[in-house]
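Chemist: I am attaching a structure below and will ask some questions about it afterwards.
The values are calculated or read from the model by the stated rules, or taken from the named source; none is laboratory data. Computed from a prediction, not measured in an experiment: that's the story for all the values here. Cβ placement follows ideal geometry from the backbone for every residue including glycine, while neighbour counts extend to all protein chains displayed. SASA here: full protein model, heavy atoms, side chains in, ligands and nucleic acids out. Shrake-Rupley method; radii C 1.70, N 1.55, O 1.52, S 1.80 Å.
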Amino acid sequence: MTAPAIHIRSLRATDRVAWQALWTGYLGFYESEVDAAVYETTFARLLGDDDQDFHCLIAEQDGQPVGLTHYLFHRHCWRVENVCYLQDLYADPSVRGIGVGRKLIEGVYAAADAQNAPSVYWMTRQSNLEAQKLYDRIATRTDFIKYQRAA
């Protein structure tokens, strides 16, 4: 038996509960939490019309949200055109391995193409080996190391 098709679409205002559950799952995977104000602000920004804000795609299976990605377009000093940063990518554990992550990334690629932003990049933990199997098939691994301001 084949799995039901995965459909990728933009976030809707009616997705609030499902989006929060998916993003909470993502944050939990990375052993992180945010407070209620961050959920409220982020969701409002995802639905806003400010070009500087993040965008969100939802993966649906049988009409139910099962995955998400957040991405942002921004300027880059080495290019004239904008680049696209894919910040969050998450598939519910119940649907992993059936192409949800790939379809979400391809959705971001399509959005970037539509915005004439040919470069799409993201980061993952070194220990996230399962996700890297997908990433290595659809992207090029770089040799950059991330640094962050100490708290």
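Rundown of residues vs (1) surrounded by 18 or more Cβ atoms within 10 Å (Cβ to Cβ); (2) of a type in the set (Phe, Trp, Tyr), yes/no style:
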site	(1), (2)
45	no, no
50	no, no
55	yes, no
78	no, yes
84	yes, no
91	yes, no
103	yes, no
112	yes, no
121	no, yes
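Chemist: Any chance you could count how many residues in the stretch 22-43 are closer than 22 Å to residue 125 by Cα, open to solvent by less than 70 Å² (accessible area, probe 1.4 Å), in a helix (DSSP H, G or I) and hydrophobic (A, V, I, L, M, F, W, C)? Quick ask: steps written out before the conclusion?
Modeler: Narrowing the stretch 22-43 to residues closer than 22 Å to residue 125 by Cα: 22-34.
Next, only the ones that are open to solvent by less than 70 Å² (accessible area, probe 1.4 Å) stay: 22-28, 30, 32, 34.
Filter once more, so that each one left must be in a helix (DSSP H, G or I): 22-28.
Still in the list and also hydrophobic (A, V, I, L, M, F, W, C): 22-23, 27.
Count: 3.
Chemist: Separate question: Taking the stretch 61-76 on its own, how many of its residues are open to solvent by 60 Å² or more (accessible area, probe 1.4 Å) and over 17 Å from residue 12 (Cα atoms)? Write out each step before concluding.
Modeler: Keep residues of the stretch 61-76 that are open to solvent by 60 Å² or more (accessible area, probe 1.4 Å), which gives 62, 64, 75-76.
Restricting the remaining residues to those that are over 17 Å from residue 12 (Cα atoms) gives 75-76.
Counting residues in the stretch 61-76 that are open to solvent by 60 Å² or more (accessible area, probe 1.4 Å) and over 17 Å from residue 12 (Cα atoms) gives 2.
Chemist: Within the stretch 105-151, track down each residue that is among the β-branched types (Val, Ile, Thr), over 21 Å from residue 82 (Cα atoms) and more than 17 Å from the chain's Cα centre (by Cα).
Modeler: Our first condition is that a residue be among the β-branched types (Val, Ile, Thr); within the stretch 105-151, this holds for 105, 108, 120, 124, 138, 140, 142, 145.
Now drop any that are not over 21 Å from residue 82 (Cα atoms), which leaves 124, 145.
Matches in the stretch 105-151: 145 only.
Chemist: With the checklist (1) open to solvent by less than 60 Å² (accessible area, probe 1.4 Å); (2) hydroxyl-bearing (Ser, Thr, Tyr); (3) out of contact with any Asp or Glu (no Cβ under 7 Å at 6 or more places or on another chain) in hand, flag the one item residue 2 doesn't pass.
Modeler: (1)
Chemist: Identify, from the list 9, 102, the residue that is under 13 Å from the mean Cα position of the chain (by Cα), of a type outside the set (S, T, N, Q) and not in a strand (DSSP E or B).
Modeler: Numbers: 9 fails: not in a strand (DSSP E or B).
Going through 9, 102 in turn, the sole match is 102.
Chemist: Could you list all residues from the stretch 111-123 that are part of a loop (DSSP other than H, G, I, E, B) and over 12 Å from residue 142 (Cβ atoms)? Steps first, answer last, please.
Modeler: Our first condition is that a residue be part of a loop (DSSP other than H, G, I, E, B); within the stretch 111-123, this holds for 115-119, 122-123.
Listed by number, the residues that qualify are 115, 116, 117, 118.
Chemist: Restricting the search to the stretch 55-80, which residues are in contact with a Lys or Arg (Cβ under 9 Å, 6 or more places away or on another chain) and more than 13 Å from residue 4 (Cβ to Cβ)?
Modeler: Within the stretch 55-80, 57, 58, 67 qualify.
Residues are listed down the side, and each one gets a yes or a no for (1) surrounded by 12 or more Cβ atoms within 10 Å (Cβ to Cβ); (2) in a loop (DSSP other than H, G, I, E, B); (3) in contact (Cβ under 8 Å) with a residue 24 or more places away in the chain:
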residue	(1), (2), (3)
106	yes, no, yes
109	yes, no, no
132	yes, no, no
143	no, yes, no
151	no, yes, no
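Chemist: If you don't mind, another one. Which numbered condition in (1) on the phi < 0 side of the Ramachandran plot; (2) in contact (Cβ under 8 Å) with a residue 24 or more places away in the chain is the only one that residue 147 fails?
Modeler: Residue 147 satisfies all of (1) on the phi < 0 side of the Ramachandran plot; (2) in contact (Cβ under 8 Å) with a residue 24 or more places away in the chain except (2).
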